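Undergrad: The structure is given below, and queries will be raised subsequently.
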Amino acid sequence: MANKRKKKGTPKQRAILTILLVLVVAAVSVYTSAVGLGKQHKGSAKNIELGLDLAGGVSITYEINEKNPSDEDINDTKYKLQKRVENYSTEAEVYKEGSNRITVEIPGVTDANAILEELGKPGDLSFTLEDGTEVLTGANIKGADAGSTEENGIKNYVVQLSMDEAGAKAFAEATKNNIGKPIYIYYDGEVVSAPTVQSAITDGECVIENMESFEAAEELASTIRIGALPLTLTELRSNVVGAKLGQDAIKTSLQAGMVALIVIFIFMTVVYRFPGFLSGIALLIYVVLDLLAINGFNATLTLPGIAGVLLAIGMAVDANVIIFTRIREEIASGKSVINAIKGGYDKALSAILDGNITTLIAAAVLWMKGSGTVKGFAQTLAIGIILSMFTALFVTKRLMLSFYELGVQDEKFYGKAKPFKVLNYIKASKFCIAASIAVIILGFVFMPINKKNIGNILNYDLEFSGGTSVTMTLDDKLTDELDKNICNTVRDTVEVKTVQSQRVLNSNQLVVKTNELTVDQRQALEDALKAKYSISDYQTQQITASVSKEMKNDAIVAVIIAAIFMLIYIAIRFKDMKFGASAVLALLHDVFVVLTVYSVAKLSVGNTFIACMLTILGYSINATIIIFDRIRENMKDNQMMKQGLETVVNTSISQTFTRTINTSLTSFITVFLLYIMGVASIKEFTLTLMCGIVCGAYSSVCITGPVWYLMKKHTKKVAKKPVKTAKKK
């Protein structure tokens, strides 16, 4: 038998080395995030790409060449352009302006000419035979991507095309009758490629082979993609614009974040003593690593993206709270401190992994199936979850074991779980469920009332319903104060809640967007602005929603698929479909309760609404998993099972109650400080997040476990019910 490798150094030496290593890594990470490396300051947080709401970007307005285009063609063009510009940023926006213009806004860039050159001119595309017969138009092309294959060490660069049903049918007939002949691809009247037909192509999938390089394949694919629009467009103007949420949005959000971290650090130290202090250090490391990762993956950070970061911070704190609670329980059971630490991590592992993996599944589905804001949220959330697990399960643990070796061994540093009172949550759930149903019904009752009063069942914001855009050029220098004053004048004159301003850089031009105004309101606003400010040029346009019907459908489909996958995962892990079903019911409960808040309070429903709902789902499922994990564990306790399943559920909820409150409290503090210190334009967003956090904690404690119990009880009754059989005559 081979000898085991001996660890180098004494336990104390290894402990000191671990602590020094963590400090060095932390110092390097902080320096990189704050200053950056090299002349280009790579890794600096200042280099993180920010969205249109936080930092602005390039705005390009196209004019539609066709006269009287149909709404279907316009919407299809908007959606395809949206998918196209997502190559630059998932947070890009596309909306109709006036009757014949489409505006594209891309965050994180400042060179409009470079974007125009890369994006190309959306012109006319057709696939034509030698005799001049047109086989396909751009509208038939669903996608075009560059790629490569390799055979015998020789690379073949290709362009892969996919067509819609009508295009596939026409292309099948054309290729069948023209084998050995070329098909000419025309873009704006010029031949850009003439591939030869090798065989009949009947499945709507085609490959153009033998491109001279990958760059050439990518250029052709890009040309086909941009030409595959139902309408042809001509560039009208391009500008570099400022942040939608105002110049102070980033500054105030960062200040709120720093204060929140300090408060959480103090809270964790006071409540969980020495482990809480170490978790505070690990949390600071997590935040720095998260900034580096967001930078490294070129994620675009927007307000919804910040929501993803906040959720991940909440889950990072949550993991530590679960572990520390377990350690205290182990100490209370009579175990030594070192065994309590090891036992605490072992017993907490399954709950942490299940909670985070479930949320990761949702993030993955949202990234693959969603678009726009949903993608940005999913990306920042996934990055944060992976890093939060690393810091909680590795950094905090290694630090705790190292300090134990250096003498922090007295149980007073770790605390001991106090006896808890088991409350009858099952009995109380009847009242809780009735109250929740009443609240949800109230939300639906207000919808027709809103329809009558404001024209829609919910107060849809610019991103969902469109509005009015005012472009003005001022004679005076455009300052922060002047920008704010103009926005306040708009609010006071036409009495609207939503006002977004964007500055055109290197000019005195300001674009103000607000809710849709009537003709009289538009005239009143123009009179008020011109009377109060010196304006040399003033133009007004109606704009459509930047969140298209297709993007809404993408988001809904993504959430449904995510819920199904979460249900399946929970059912497999807990070996009971009822766990998954009750978890999904709790998620629906939380969504509908927050929807009631939007309905009754007439809060703005826009991109932040989507981010808010997704964040609430993340909080809720994580809290639910913790309770389910404890139920699963207690069901293995024969002594407890003898007292009945109701006792198991009530005990499990009581055991995890402190964890639920503490995690919700730290998350609530973070969002509350953002509400207090943030700019006015994000107050509604943070207000609904706070409602969601409270609602998620409530449903996890008062509804999820009891609903599972009722399902389980009902199933047993059905199983025990005797089967009636007919008597023989």
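Undergrad: Going by the structure shown, is Ile426 open to solvent by less than 30 Å² (accessible area, probe 1.4 Å), among the aliphatic types (A, V, I, L, M), in a helix (DSSP H, G or I) and farther than 25 Å from Asn356 by Cβ?
TA: When the stated conditions are applied, Ile426 passes them.
Undergrad: Would you pick out the residues in the stretch 490-517 that are modelled with pLDDT of 85 or more and farther than 27 Å from Lys683 by Cβ?
TA: Matches in the stretch 490-517: Asn508, Gln509.
Undergrad: Inside the stretch 613-633, can you point out the residues that are open to solvent by 10 Å² or more (accessible area, probe 1.4 Å) and farther than 11 Å from Ile322 by Cβ?
TA: Within the stretch 613-633, Met613, Leu614, Leu617, Tyr619, Arg632, Glu633 qualify.
Undergrad: What pairs come up if the first residue lies in the stretch 406-418 and is modelled with pLDDT of 90 or more, the second is open to solvent by 50 Å² or more (accessible area, probe 1.4 Å) and part of a loop (DSSP other than H, G, I, E, B), and their beta carbons are under 6 Å apart, counting only those six or more places apart or on different chains?
TA: Between residues of the stretch 406-418 that are modelled with pLDDT of 90 or more and residues that are open to solvent by 50 Å² or more (accessible area, probe 1.4 Å) and part of a loop (DSSP other than H, G, I, E, B), there is no close pair.
Undergrad: Quick one: what pairs do we get from the stretch 62-76, first residue at negative phi and open to solvent by 50 Å² or more (accessible area, probe 1.4 Å), second of a type in the set (Ser, Thr, Tyr) and part of a loop (DSSP other than H, G, I, E, B), C-beta under 8 Å, 6+ apart or different chains?
TA: So the pair list comes out as Asn65/Thr232; Glu66/Thr232; Asn75/Ser548.
Undergrad: Name the one entry in Ile106, Ile115, Ile154 that is surrounded by fewer than 16 Cβ atoms within 10 Å (Cβ to Cβ), among the β-branched types (Val, Ile, Thr) and at pLDDT below 85.
TA: Values: Ile106 fails: surrounded by fewer than 16 Cβ atoms within 10 Å (Cβ to Cβ); Ile115 fails: surrounded by fewer than 16 Cβ atoms within 10 Å (Cβ to Cβ).
Step by step, each of Ile106, Ile115, Ile154 is checked, and only Ile154 is surrounded by fewer than 16 Cβ atoms within 10 Å (Cβ to Cβ), among the β-branched types (Val, Ile, Thr) and at pLDDT below 85.
Undergrad: List every residue pair whose Cβ atoms lie under 6 Å apart, where the two residues are 6 or more positions apart in sequence or sit on different chains, the first residue falls within the stretch 508-531 and is over 21 Å from Val605 (Cβ atoms) and of a type in the set (Val, Ile, Thr), and the second residue, located anywhere, is assigned to a strand (DSSP E or B) and open to solvent by less than 30 Å² (accessible area, probe 1.4 Å).
TA: Between residues of the stretch 508-531 that are over 21 Å from Val605 (Cβ atoms) and of a type in the set (Val, Ile, Thr) and residues that are assigned to a strand (DSSP E or B) and open to solvent by less than 30 Å² (accessible area, probe 1.4 Å), the close pairs are Val511/Thr471; Val511/Gln502.
Undergrad: In the stretch 254-273, which residues are out of contact with any Lys or Arg (no Cβ under 9 Å at 6 or more places or on another chain), more than 17 Å from Ser388 (Cα to Cα) and open to solvent by 20 Å² or more (accessible area, probe 1.4 Å)?
TA: Listed by number, the residues that qualify are Leu254, Gln255, Met258, Val259, Ile262, Val263, Ile266, Phe267, Thr269, Val270, Val271.
Undergrad: Still on this model: Can you tell me which residues in the stretch 501-531 are touching a helix residue (DSSP H, G or I) at 6+ places or on another chain (Cβ under 6 Å) and open to solvent by 50 Å² or more (accessible area, probe 1.4 Å)?
TA: Of everything in the stretch 501-531, just one residue is touching a helix residue (DSSP H, G or I) at 6+ places or on another chain (Cβ under 6 Å) and open to solvent by 50 Å² or more (accessible area, probe 1.4 Å), namely Gln521.
Undergrad: So, in the stretch 333-382, exactly how many residues are farther than 20 Å from Ala555 by Cα and either β-branched (Val, Ile, Thr) or touching a strand residue (DSSP E or B) at 6+ places or on another chain (Cβ under 9 Å) (or both)?
TA: So the count comes out to 5.
Undergrad: While we're on this one: For the stretch 135-151, how many residues are open to solvent by less than 40 Å² (accessible area, probe 1.4 Å), farther than 18 Å from Phe214 by Cα and of a type outside the set (A, V, I, L, M)?
TA: Residues meeting the conditions: 2.
Undergrad: Would you mind stating whether Ala282 is at pLDDT 80 or above and surrounded by fewer than 24 Cβ atoms within 10 Å (Cβ to Cβ)? Give the steps one after another, and end with the answer.
TA: Working: at pLDDT 80 or above: yes; surrounded by fewer than 24 Cβ atoms within 10 Å (Cβ to Cβ): no.
Considered against the rule, which asks whether it is at pLDDT 80 or above and surrounded by fewer than 24 Cβ atoms within 10 Å (Cβ to Cβ), Ala282 comes out as no.
Undergrad: I would also like to ask the following. I'd like to check something: does the stretch 226-235 contain any residue that is part of a strand (DSSP E or B), out of contact with any Lys or Arg (no Cβ under 6 Å at 6 or more places or on another chain), at pLDDT below 85 and open to solvent by 30 Å² or more (accessible area, probe 1.4 Å)?
TA: yes
Undergrad: Tally up the residues in the stretch 172-187 that are open to solvent by 70 Å² or more (accessible area, probe 1.4 Å) and either at pLDDT below 85 or aromatic (Phe, Trp, Tyr) (or both), please.
TA: Step one: of the stretch 172-187, the residues open to solvent by 70 Å² or more (accessible area, probe 1.4 Å) are 173, 176-177, 179, 181, 186.
Imposing the further condition that a residue be either at pLDDT below 85 or aromatic (Phe, Trp, Tyr) (or both) reduces the set to 186.
The total comes to 1.
Undergrad: A further question on this structure: When the residues of the stretch 600-612 are filtered to those that are surrounded by fewer than 22 Cβ atoms within 10 Å (Cβ to Cβ) and assigned to a helix (DSSP H, G or I), which remaining residue is modelled with the highest pLDDT?
TA: Among residues in the stretch 600-612 that are surrounded by fewer than 22 Cβ atoms within 10 Å (Cβ to Cβ) and assigned to a helix (DSSP H, G or I), the one modelled with the highest pLDDT is Val600.
A quick yes/no check of all residues on (1) without any contact (Cβ under 8 Å) to a residue 40 or more places away in the chain; (2) touching a Leu at 6+ places or on another chain (Cβ under 6 Å); (3) within 30 Å of Gly334 (Cβ to Cβ):
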position	(1), (2), (3)
Thr380	no, no, no
Ile385	no, yes, no
Val395	no, no, yes
Lys430	yes, no, no
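Undergrad: Separate question: Hey, among the residues in the stretch 522-557 that are under 30 Å from Thr61 (Cβ atoms), hydrophobic (A, V, I, L, M, F, W, C) and within 21 Å of the chain's Cα centre (by Cα), which one's modelled with the highest pLDDT?
TA: Only one residue tops the list, namely Ile556.
Undergrad: I'd like the full set of residues that are in a helix (DSSP H, G or I), more than 13 Å from Asn156 (Cα to Cα) and open to solvent by less than 40 Å² (accessible area, probe 1.4 Å), limited to the stretch 198-225.
TA: Listed by number, the residues that qualify are Leu220, Ala221, Ser222, Thr223, Ile224.
Undergrad: I would also like to ask the following. Within the stretch 79-101, can you find the residues that are more than 17 Å from the chain's Cα centre (by Cα) and part of a strand (DSSP E or B)?
TA: Listed by number, the residues that qualify are Val94, Tyr95, Lys96, Glu97, Arg101.
Undergrad: So, one more: Looking only at the stretch 446-480, filter to residues that are aliphatic (A, V, I, L, M) and touching a helix residue (DSSP H, G or I) at 6+ places or on another chain (Cβ under 8 Å); which one of those is farthest from Lys513 (Cα to Cα)?
TA: Here the residue is Met447.
Undergrad: On the given criteria, is Asp476 of a type in the set (Asp, Glu), exposed (fewer than 13 other Cβ atoms within 10 Å of the Cβ) and touching a residue at least 40 places away in the same chain (Cβ under 8 Å)?
TA: yes
Undergrad: Same structure, new question: Quick check, is Lys375 within 31 Å of the chain's Cα centre (by Cα), charged (D, E, K, R) and under 24 Å from Gln13 (Cβ atoms)?
TA: On the way: within 31 Å of the chain's Cα centre (by Cα): yes; charged (D, E, K, R): yes; under 24 Å from Gln13 (Cβ atoms): no.
Criteria not met by Lys375.
Undergrad: Answer yes or no as to whether Thr498 is out of contact with any strand residue (DSSP E or B) (no Cβ under 9 Å at 6 or more places or on another chain) and either surrounded by fewer than 17 Cβ atoms within 10 Å (Cβ to Cβ) or in contact (Cβ under 8 Å) with a residue 40 or more places away in the chain (or both).
TA: Considered against the rule, which asks whether it is out of contact with any strand residue (DSSP E or B) (no Cβ under 9 Å at 6 or more places or on another chain) and either surrounded by fewer than 17 Cβ atoms within 10 Å (Cβ to Cβ) or in contact (Cβ under 8 Å) with a residue 40 or more places away in the chain (or both), Thr498 comes out as no.
Undergrad: Report the residue count in the stretch 151-190 for those that are part of a loop (DSSP other than H, G, I, E, B), touching a residue at least 40 places away in the same chain (Cβ under 8 Å) and either over 21 Å from Leu220 (Cβ atoms) or within 42 Å of the chain's Cα centre (by Cα) (or both).
TA: 3
Undergrad: Then there is this: Can you list residue pairs whose Cβ atoms sit under 6 Å apart, with the first residue in the stretch 9-35 being open to solvent by 60 Å² or more (accessible area, probe 1.4 Å) and the second being modelled with pLDDT of 80 or more? Count only pairs 6 or more apart in sequence or on different chains.
TA: Pro11/Glu405; Lys12/Glu405; Val30/Val288
Undergrad: Under 6 Å between Cβ atoms, which residue pairs at least 6 apart in sequence (or on different chains) link something in the stretch 628-650 that is within 14 Å of Lys427 (Cβ to Cβ) with a partner that is surrounded by fewer than 16 Cβ atoms within 10 Å (Cβ to Cβ)?
TA: Final answer for the pair search is Asn650/Val422; Asn650/Asn424.
The values are calculated or read from the model by the stated rules, or taken from the named source; none is laboratory data. As the structure is a prediction and not an experimental result, all values here were calculated from the model. Quick reminder, even Gly has a Cβ in these numbers, built from the backbone with ideal geometry, and neighbours come from all protein chains shown. Side chains included, ligands, DNA and RNA excluded: accessible areas come from the protein's heavy atoms. Shrake-Rupley method; radii C 1.70, N 1.55, O 1.52, S 1.80 Å.
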